[in-house]
There are 2 protein chains.
Amino acid sequence: MFDYEEYLEKVEELLRSKQYAALRDLLLPMEPADIAALLEEAGEESMPLLYRLLPKELAAEVFVELEADSQEMLINGFSNNELKEVLDELYLDDVADIVEEMPATVVIRILDKATPEMRKSINELLKYPEDSAGSIMNMEFLSLKKDMTVEDAFKRIRRVGGDMETINTLYVTDPTRHLLGVLSVRDLLLAEGDDLIEDIMDANVVSVSTLDDKEDVAQAMSKYDFLSMPVVDQEGRLVGIVTVDDAMDVMEEEATEDIEKMAAITPTDKPYLKTSAFETFKARIPWLLLLMVSATFTGLIITSFETSLAALPVLTAYIPMLMDTGGNCGSQASVTVIRALSLDEVDFSDIFQVIWKELRVALLCGLVLAIANFGKMMLVDRMMLGNTSLAPITAAVVCMTLVCAVAVAKFVGCTLPLLAKKIGLDPAVMASPFITTIVDALSLLIYFQFAKNMLGL
Amino acid sequence: MFDYEEYLEKVEELLRSKQYAALRDLLLPMEPADIAALLEEAGEESMPLLYRLLPKELAAEVFVELEADSQEMLINGFSNNELKEVLDELYLDDVADIVEEMPATVVIRILDKATPEMRKSINELLKYPEDSAGSIMNMEFLSLKKDMTVEDAFKRIRRVGGDMETINTLYVTDPTRHLLGVLSVRDLLLAEGDDLIEDIMDANVVSVSTLDDKEDVAQAMSKYDFLSMPVVDQEGRLVGIVTVDDAMDVMEEEATEDIEKMAAITPTDKPYLKTSAFETFKARIPWLLLLMVSATFTGLIITSFETSLAALPVLTAYIPMLMDTGGNCGSQASVTVIRALSLDEVDFSDIFQVIWKELRVALLCGLVLAIANFGKMMLVDRMMLGNTSLAPITAAVVCMTLVCAVAVAKFVGCTLPLLAKKIGLDPAVMASPFITTIVDALSLLIYFQFAKNMLGL
């Protein structure tokens, strides 16, 4: 859709030959997100120059799309006047986002250059917990009164609508700012000029509270197909709106976080290549250590069966296969349940239905895997590879273990995320790595138990 | 935000006492998505009755939100007239979605009751490939001509805007339907009545083609903060728009698909509890079989070192820990890279930067893990558990293997997804299960090599 490489070459060419007017003409028609990406690619040296070529309003839009470190670099290079100009063009929620990412010295400069009202609003926004609806809402929205006519409403939109992030959805409030109704700009356009707002508004408004989790807000907006969601404070007063573009970002972030947690990584909100090796290391090492320690149990189990394994060494060869298959089955179940939980498709009350389903799936999977494995062990391992120490009864032990291990894996895999959710933990943490560690130990216990009883070791 | 349990009880109570008017009053103020969820919960018997209580327009909105099997059930119960009424209220893209999910007999009935224009449009929509922008676009959108005045545009909106899914973004086309520009309804409201559309429109329009991947379209809409994205055909003519609510659904589906593929599951688009055990089995078993077969190599490696293991049985006890840690490291790297790929944060040209970063992370992780493990082996396994056969040199073999296995795991984990993407495969398939299988075999080879050389086995 947009070829950065091609544009980047042109930009660099024009920079070299100092054709600034042509450069400006090249950038002007682009989307702010694309200009930001180009600026990032152009590097620290050219960025301030390119940025200053942009007209004020576009510059502010591009500024919002830049990475935090580029924003910091630009702010450090700004004169006081330039900083003020950028701040004036930005929406409050964006300024608050930027302030959150900047080091203290930059924050002081920003707050110093902000208007007193802006400073007050930023402080309020920063007070909301990190993952709350309050932290992502925009405090500039267009509100109407119920006794306005459609004509009055249009006048109000024409007067203040230019400064708002969106006017597609309009909220009706009473004098104490309580939310009374909602209407779209289309409702206004299709109404008569002298209709009263209260007659055309929809009085059934879905709203969220400032302290609601931003992920739930995004989910609700996706479910209801809303373009914006009103946010009310503890007293039910309308204090802001969450717009759909921010909801999309939240959904994307949350999916990334879930995926990272499932792979035993502490989530970070920086893009991959912007994270230093040390930061990545810090996000990964605690889980690796924890999981390594838990794998000790598997080692202990093996140690306690050392003599049996020494008596029939061929048993050792199937340990990796049993562990891997158990782990894979467990992660299939856990990941499916974790995702269903985060999409609100299941909750704890469904636990028996989930277990019943997973056990039937486990039976089917276990049988097919056991049959395939028995055939493979007899045909390939015994006949083709000539491993005569592999008696059919040993193959039976491996295959019976397989059936049991699959059942245990599916059971553990589907219950742990549900239990985690129930006790208030994040279910995503109960994904493959944890399940694998538990399933490994259980599979080995089953394996050695079958071996002891059936092979008399 | 919305308590289904509570409402469901009320609904059942009112159904029992046949208070249909009260029931209708209870449902009317709700959001369509919530009514649909209630209908699903109420079960097959009450659903048609509840559905028929809804006024025509709301009924259609609720219909779209229902699961495919409920839709089918309702359609089968509809009279021809009822079916026609629902179809008349639905947007074309929704009808096309429904048609795709229904069995042939229902499809024939739907096409039979659709107006000829609707039938033609549905057929056109169904012709687009499943994951294309064309398949999710809406063909009803509001277009303006460049020589209209703002006043003309408002007249047009008032005339046809009621039937459109959205009027927030308006597209300007020439007589051959080529896309000339874009403007928002706010631009119209802030302009003067006699301004010409071509003077206030933005002529730099980002558009996608009908055959573009719907995931890329959703990504682009999120990046550019668009409420709708114009879709043009091969000849550059505007044929539809993708609205942001559909883009959000695509993003959610794609995240689910990625997560499923990462856990070695063939993606299905049905909710977890709506999928039968057999369907779930079918989605999981091919990967389990494939991975079980690949685990054979690990077995072969162990078999070929059977005599070494018999000579020093303590080595066996560390196999699970080495395999698990390798697997976890590999899945951390692969999942991070897969997600970065799907968010467009990295591409194949970054491969050396990615490898360089992962190797540094691997070195840090490997050293910390090796030191921790050496301490644990000496203090816990040897001293506390009295495993005197565990010489420091053996612990050194395990720890050196750990460092190498971590490095190999991170290397394989980060390169395979990039290579998969390069040759046109889905990188998500190269996640934990595959990486684990490969890393297991490599770790064991390293382990036995160290054991052979350092312990003289």
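Take residue A:269, move 7 Å from Cα toward the beta carbon, and the resulting point lies 3.2 nm from the same point in each other copy, nearest first. Spin-label model, residue A:348 to residue B:119: label points 7 Å out along the Cα-to-beta-carbon direction sit 5.5 nm apart. What you get for the range A:272-455, charging only the Cβ of Lys and Arg (+1) and of Asp and Glu (-1), is a dipole of about 120 debye around the Cα centre.
Using R₀ = 30 Å, calculate the FRET efficiency as 1/(1 + (r/R₀)^6) where r is the Cβ-Cβ separation of residue A:379 and residue A:310; round to 0.05.
0.65
Measuring between their Cα centroids, the range B:117-159 and the range A:23-51 lie 34 Å from each other. Among A:421, B:120, a tally of other beta-carbon atoms within 10 Å of each Cβ gives an order, fewest to most, of B:120, A:421.
Ranked from shortest, the separations from the 7 Å Cα-to-Cβ label point of residue B:163 to its equivalents in the other copies are 4.1 nm.
Quick one: of A:282/B:274; A:270/B:410; A:261/B:270; B:113/B:282, which pairs are farther than 29 Å apart, Cα to Cα? Mind dumping the intermediate values first?
Numbers: A:282/B:274 40 Å; A:270/B:410 20 Å; A:261/B:270 24 Å; B:113/B:282 36 Å.
Going by Cα-Cα distance, A:282/B:274; B:113/B:282 fall outside the 29 Å limit.
As a proxy for reagent exposure, A:20, A:171 were ordered by neighbouring Cβ count within 10 angstrom, fewest first; the result is A:20, A:171. Electrostatic bookkeeping for residue B:296 treats Lys and Arg as +1 and Asp and Glu as -1; over the other residues with beta carbon under 14 Å from its beta carbon, the sum is -1. Label-to-label distance, residue A:360 versus residue A:44, with points set 7 angstrom from Cα along the beta-carbon direction: 6.1 nm. Remark: the residue A:213-residue A:105 segment gains 35.9 nm on full extension, using 0.36 nm per residue and subtracting the alpha carbon distance. Across the range B:4-127, Cα pairs under 8 Å and at least six residues apart give a relative contact order of 20 percent.
Relative contact order of the range A:319-418, taken over Cα pairs closer than 8 Å and 6 or more residues apart, is 56 percent. For residue B:234 and residue A:88, a Förster radius of 35 Å and the Cβ-Cβ distance give a FRET efficiency of 0.20, rounded to the nearest 0.05.
The Cα center of the range A:216-263 and the Cα center of the range A:360-427 differ in position by 41 Å.
For every helix of n ≥ 4 consecutive DSSP H residues, a contribution of -39,500 (n - 2.57) applies; sum these over chain B, divide by its total residues, and give [θ] at 222 nm rounded to the nearest 500 deg cm²/dmol. -20500 deg cm²/dmol, from helical runs alone. Using a simple spin-label model with pseudo-atoms 7 Å out from Cα toward Cβ, residue A:163 and residue B:457 lie 7.6 nm apart.
Shape of the range B:262-370 from the C-alpha gyration tensor: oblate (a/c of 1.5 or more and a/b not above b/c, with a ≥ b ≥ c the square roots of its eigenvalues). When only Cα pairs below 8 angstrom with a gap of at least 6 residues are kept, the range B:369-413 shows a relative contact order of 48 percent. What helices does chain A hold that run 24 Å or longer along their axis, going by alpha-carbon atoms, with a Kyte-Doolittle average of 1.0 or more, using DSSP H for the helix calls? Membrane-span-like by this criterion, though nothing is claimed about a membrane: A:277-304, A:351-376, A:392-422, A:432-455. As a proxy for reagent exposure, ranking A:382, A:16, A:119 by other Cβ atoms within 10 Å from fewest up yields A:16, A:119, A:382.
Label-point spacing for residue A:391 across the identical copies (point 7 Å from Cα in the Cβ direction), in nm and ascending order: 3.5. Using a Förster radius of 45 Å, what is the FRET efficiency between residue B:56 and residue A:279 based on their Cβ-Cβ separation? Nearest 0.05, please. That pair, residue B:56 with residue A:279, gives E of 0.20.
Placing a label point 7 Å from the Cα of residue A:28 along the Cα-to-Cβ direction, the residues of the range A:1-21 whose backbone N falls under 16 Å of that point are A:19-21.
Taken together, the values in this text are just the output of simple stated rules run on the coordinates, not laboratory data. Keep in mind that this is a model prediction, so the values were computed, not measured. Please note: Cβ atoms are built from the backbone with ideal geometry, for glycine as well, and neighbour counts cover all protein chains shown.
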